[in-house]
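Here the structure is laid out as structure tokens; the discussion comes afterwards.
The values are calculated or read from the model by the stated rules, or taken from the named source; none is laboratory data. Predicted model, so just to flag it, every value in this text is computed and none were measured. No Cβ is skipped: glycine too gets one built from the backbone with ideal geometry, and neighbour counts run over all protein chains shown.
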Amino acid sequence: MDIVLSTLDSLAAALELVPVIDRYAEEVLDELRDEPLPPGTGRALLERHFDSPQCVVLTARDPELNERVGLCITVPFEDPLAGDAVPMIVVLSVHPERRHRGLARALVEAVSAQLRGRGFPRLAARAGHNDDALISMGERWGFVRAWELMLLE
């Protein structure tokens, strides 16, 4: 797999990903929300967090095809009671034809290395309570369950 990982260093370059982020958010949050996400969700996310040292926008490109085949974005997640912030993966997407080849893991490892270099030794991620495949994958990569969010509906 000949893939090039690149960190986007400008908000303008990151904003080109807004349609991808919006599509990803709709797919991931579809089963969790009754109403659609408001327009501009991806843009708002990037504009709000891009300058944070906990924000990384990492793309994976296939140089032969000159197309993006993966994306990982982290933003700060703040514990509302303690005020502690930890970088959190909010987008981890791999093109369906490139899955099960280690690309998602490579994206997470590269993001984690960048964040450790910035002084953030921990990385958070989230998974739906019934997403056993994602939870299992995260645990294989070294993530541990730290707390559960409960919703009253």
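Restricting the range 46-98 to residues that are over 12 Å from Leu123 (Cβ atoms) and among the polar types (S, T, N, Q) leaves a set whose member that is surrounded by the fewest Cβ atoms within 10 Å (Cβ to Cβ) is Asn66.
Test Glu148 against the stated conditions and say whether it is over 14 Å from the mean Cα position of the chain (by Cα) and outside any loop (DSSP other than H, G, I, E, B). Criteria not met by Glu148.
Please find, among Gly83, Gly42, Gly102, the residue that is farther than 17 Å from Leu134 by Cβ and more than 13 Å from the chain's Cα centre (by Cα). Break it down stepwise before answering.
Working: Gly42 fails: more than 13 Å from the chain's Cα centre (by Cα); Gly102 fails: farther than 17 Å from Leu134 by Cβ.
Unique residue meeting the criteria: Gly83.
Within the range 52-86, the set of residues being outside any strand (DSSP E or B) and without any contact (Cβ under 8 Å) to a residue 60 or more places away in the chain comprises Ser52, Cys55, Leu65, Asn66, Asp79, Pro80, Leu81, Ala82, Gly83, Asp84. Out of Ala133, Ala60, Ala127, Ala146, one residue alone is aliphatic (A, V, I, L, M) and either modelled with pLDDT of 95 or more or under 17 Å from Ser6 (Cβ atoms) (or both). It is Ala60. Taken as a whole, the structure places Glu35 among residues that are more than 23 Å from Gly119 (Cα to Cα) and surrounded by fewer than 11 Cβ atoms within 10 Å (Cβ to Cβ).
Looking only at the range 128-145, count how many residues are in a loop (DSSP other than H, G, I, E, B), without any contact (Cβ under 8 Å) to a residue 60 or more places away in the chain and small (Gly, Ala, Ser).
Kept after step one, since they are in a loop (DSSP other than H, G, I, E, B), are these residues of the range 128-145: 128-131, 141-145.
Remaining after also requiring without any contact (Cβ under 8 Å) to a residue 60 or more places away in the chain: 129-131, 141-145.
Checking the rest, the ones that are also small (Gly, Ala, Ser) come to 142.
Residues in the range 128-145 being in a loop (DSSP other than H, G, I, E, B), without any contact (Cβ under 8 Å) to a residue 60 or more places away in the chain and small (Gly, Ala, Ser): 1 in total.
Out of everything in the range 110-127 that is part of a helix (DSSP H, G or I) and in contact (Cβ under 8 Å) with a residue 24 or more places away in the chain, what residue ends up being farthest from Gln54 (Cα to Cα)? Across the range 110-127, the extreme among qualifying residues is Ala110.
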